Structures are given as structure tokens and as C-alpha cells.
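Student: Here it is, the structure in full.
The values are calculated or read from the model by the stated rules, or taken from the named source; none is laboratory data. Small disclaimer: the values here were computed from a predicted structure and weren't measured. Backbone-built Cβ (ideal geometry, glycine too); neighbour counts: all protein chains shown.
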Amino acid sequence: MMKKYPFCVVLFFWALLLAACQPSMAQSGIASPTQAIRDTQSPSASAETPVISTTSENQPTEGIENTQSPSASVETPISTTTTVSQPTPTKIINPLTGLAVDDPNLLNRRPVFIVVSNFPRAGRPHAGLSFADIVFDYYIGAGTDRFLAVYYGQDATNVGPVRSGRFVDTQLVSLFQGILGFGSADEDTLAKIYGDLGKRAISNPEAACPVFCGTDTHSVTGVFANSAELSQWYGQKTGDNQRYDLGGMFFDNQVPFSGEPADQISILYNYYDRSDWKFDALTAKYARWNESVYAEIDYQMVPTTDRITGQYLEFSNLIILFANNIEISPTRYQIDIQGNTDGERAILFRDGKMFEGKWITPSLSRPIQFLNPDGTPLALKPGNTWIAIVGLASSFKEIAAGQWEAYFNLP
């Protein structure tokens, strides 16, 4: 017999049956509450979304200021920081050497000329010649010579032995608009020196140590000068501390194509007053040799050294300059340097070669110019220069392959 169920139970089952037979909301196209919320939101994560900046307000940022932190998909701004290139400092060239100077302020002055003794030999070794831009070597009579050292691009604390001035000193100093430091001079010569140079001529009695120093100021080998102190002393006395136009000498590292081999050059003012210049291939300079202190007893050539450095004396250029030498007395000579506008013979030695040329002095206050035979500038090697002044009638010849000799003769 069939079991009877209460009416409420039967009605509940019928309701369940009817619900199972209806289509779902998703299938009927009616949106569910959660689906509707998603459709009204911003695009999905694959699209660009605004984000909050993570940069602290107090933290500086490079480049363009950005108020948002870029997501991984956002391009990072390029920094606008730029490096400004500094201009290369212009090298200041010493017109007397063709070399850049370490301290350009040194050129804001007149070149310093100091008279240096070569005789008596007891004063050797000389002091400070290796620091000179130029050294002039000239005949003073009695078979001897004297030096005039020029300091401009650098100084020497000890130059000497300092000796008396000569007529030719005033011409050379005037050409380079310099000042002259000297020991003394005879009455006529002293009047000429002060007449031509005025306050630019300073003798050792005028300027005490540290300008001129020595244990015996009356000794021919006892006085030495400091080129920097001499320059400063003059500047303080006169207020003359400006740079002068000293152009005229031409320098070039390139060795001229012409020229003859020159490994050794001998310059004789007298048989017992001689210098040999030997080319050193390692330094590409000429090293100076002189007769020994005891040449009259045992004649031999020895290297010339600088008592400051203890090193050999070497120069980039050696020039033999032919000029008119006029004998006034056995120990007084007039050498014509100024007024040579037509040109006289000059022979240049550089880089192991010999070059013929000429020299001129186009004005009374401009440096000596060296020219090729065709009138174009004769190229000196950048560096220091030794200029030996000989008479117009002096001999010059090649005595062996690559070996040359100049022998002084008047006028």
C-alpha cells in the first residue's frame, strides 16, 4: 500500500522541480551583480593606469620632475643632466725659446741679462747657464771671451761669476728690451751703459744680497746674482712689470730638409780659449766642452758643467753670428749689432745638422731675427740657444766629416 506524505512536503518537491527546469541568469543574458560592477571599472591591468608617486617631497630627483612613479610598462624619463666640456687652456709660449712656460706671469716683465765671467778659469764651473733662454758669447780682448745670459721663461737662483759690463751689452739688452745686471765697468763704459739703459742697468754695488751676493764682492770670481730677485728689485723700484713684444725669433720642431751633418763644432777665440760642441743623439742637443782649468800646463777638453745642477751644459741651438768687431784698445771692443738691416752671415746648428743663414736687427728695440738665404725665417729648434759672436773675417771650415771649426779674427 502506498505510503502517504503530508501535503506540505509534496508541495515543496514540486517547487524544486520547477526551479531546475528554468534557464540560468548567465545564459539568459541578465547580468549578475558582480559582473556589473566589473564592467563599470577602469580597463584591465594590460592598459596604462595612474599610480601614486613614491618620491618623497623632500628628496631631490634628477632630470625632469615626475609626480608619478612609472610602472614597469612606462618609459623612464631621460636625465637632462649634461656635462659641460671645459676649454683647453691656451699655452703661453716664450718668444725666446718657442716653449710653453710653466708660469705665464714670468713673462710680465723685462728679460733679465746678467754678465758672466769665463776668465779667469778659476771661476769655473759657471753657475746658472743651463737655466738661461739664451747665452751670448763675445770677444773682450786679450784672447778671452765673456758671456751674457738671458733669463725670461725661468730663473736661476745663482748666476755667475758676475763680471763687468761691455759696450755690446747695451745693444743686446736694448734689442730685447731687457734689464742688465753686471759687476762694474770702467768710467767710459759705465757712462755708456747708464746713458743707454738708465735705470735698466743695475750694478752689484746698487743692489745688495739677495740680488747680488758673495763673500768677496771685489773678487772677479766672488759675486753671484739671483735673476728672480734682480727682476723683482727692478720692478719695485720702477713699477715696470708689463709684458713686452719680443717676437722675431722663429721656432719649429720640424728639422729643415736641407743642411749638412754637424756632429761637432769647435769655436776658438784663441788657442787657449776654445769650446767644443758635441751633438748628443739621445738628448738631440749639443753639449759644451771647454779647455781645462790648467790648459797652459796640460791642454785638454773637459765637459762644461753647471755648478747648480752638476750636469753637462747642453743647448738645443748653437749659432755662430758674424759681426763687425772694432778694437778700441786691447781690452775694449765695439761690436756692431744694432742697425744691421741688410743682414750678416749666421750659421745654425740643430739636431746634428748645419744650416747657412743670416741675421738682421730690423729695429733698435726688437730681437735679432734669423733668416734663410732667401729671406724666409730660419727655423730654430724649440729650446735654449747659445749664440757665439765672431768677427766678420773669422774663418769657418769643415775639418773632418761632420766636424766644423770657427776661428775668431777681426774685424
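Student: I'd like to check something: does segment 228-241 contain any residue that is over 24 Å from the mean Cα position of the chain (by Cα) and polar (S, T, N, Q)?
Tutor: yes
Student: Look at segment 292-317 and say how many of its residues are crowded, with 18+ Cβ neighbours inside 10 Å and more than 29 Å from L96 (Cα to Cα).
Tutor: Result for segment 292-317: 0.
Student: Can you pull out every residue in segment 165-203 that is within 19 Å of Q242 (Cβ to Cβ), in a helix (DSSP H, G or I) and among the hydrophobic types (A, V, I, L, M, F, W, C)?
Tutor: V173, L175, L197
Student: I want to confirm something. Restricting to segment 105-164 and keeping residues that are of a type in the set (S, T, Y) and not in a helix (DSSP H, G or I), which single residue is farthest from the chain's Cα centre (by Cα)? Let's see the steps before the verdict.
Tutor: Quick first cut of segment 105-164, residues of a type in the set (S, T, Y) only: 117, 130, 138-139, 144, 151-152, 157, 164.
Narrowing the set further to residues that are not in a helix (DSSP H, G or I) leaves 117, 138-139, 144, 151-152, 157, 164.
On the way: S117: 29, Y138: 28, Y139: 32, T144: 35, Y151: 14, Y152: 12, T157: 20, S164: 32 Å.
Once the filter is applied, the top-ranked residue is T144.
Student: Let me ask you something else. Return yes or no: is R163 closer than 27 Å to I337 by Cα, in contact with a helix residue (DSSP H, G or I) (Cβ under 9 Å, 6 or more places away or on another chain) and crowded, with 21+ Cβ neighbours inside 10 Å?
Tutor: Numbers: closer than 27 Å to I337 by Cα: yes; in contact with a helix residue (DSSP H, G or I) (Cβ under 9 Å, 6 or more places away or on another chain): yes; crowded, with 21+ Cβ neighbours inside 10 Å: yes.
Judged against the criteria, R163 is a match.
Student: Taking segment 339-351, which residues are surrounded by 18 or more Cβ atoms within 10 Å (Cβ to Cβ), in contact (Cβ under 8 Å) with a residue 40 or more places away in the chain and farther than 23 Å from G143 by Cβ?
Tutor: Passing the criteria: F349, R350, D351.
Student: Quick one: count up the residues across segment 189-216 that are over 17 Å from T238 (Cα atoms), buried (at least 16 other Cβ atoms within 10 Å of the Cβ) and β-branched (V, I, T).
Tutor: Residues that pass the stated criteria total 2.
Student: Next question, about the same structure. Please go through segment 356-411 and pick out each residue that is basic (K, R) and buried (at least 16 other Cβ atoms within 10 Å of the Cβ). Talk me through it step by step, then tell me what you get.
Tutor: First pass over segment 356-411, keeping only residues basic (K, R): 358, 366, 381, 397.
Correct list: K358, R366, K381.
Student: Could you count how many residues in segment 251-274 are in a strand (DSSP E or B) and either among the basic types (K, R) or under 29 Å from I93 (Cα atoms) (or both)?
Tutor: Narrowing segment 251-274 to residues in a strand (DSSP E or B): 251, 260-261, 264-270, 273-274.
Next cut, either among the basic types (K, R) or under 29 Å from I93 (Cα atoms) (or both) only: 251, 274.
Here the count works out to 2.
Student: Here is a list: L364, L371, L392. Which entry is under 27 Å from the mean Cα position of the chain (by Cα), modelled with pLDDT of 95 or more and of a type in the set (A, V, I, L, M)? Give the derivation first.
Tutor: Values: L364 fails: under 27 Å from the mean Cα position of the chain (by Cα); L392 fails: under 27 Å from the mean Cα position of the chain (by Cα).
After applying the criteria, what remains is L371.
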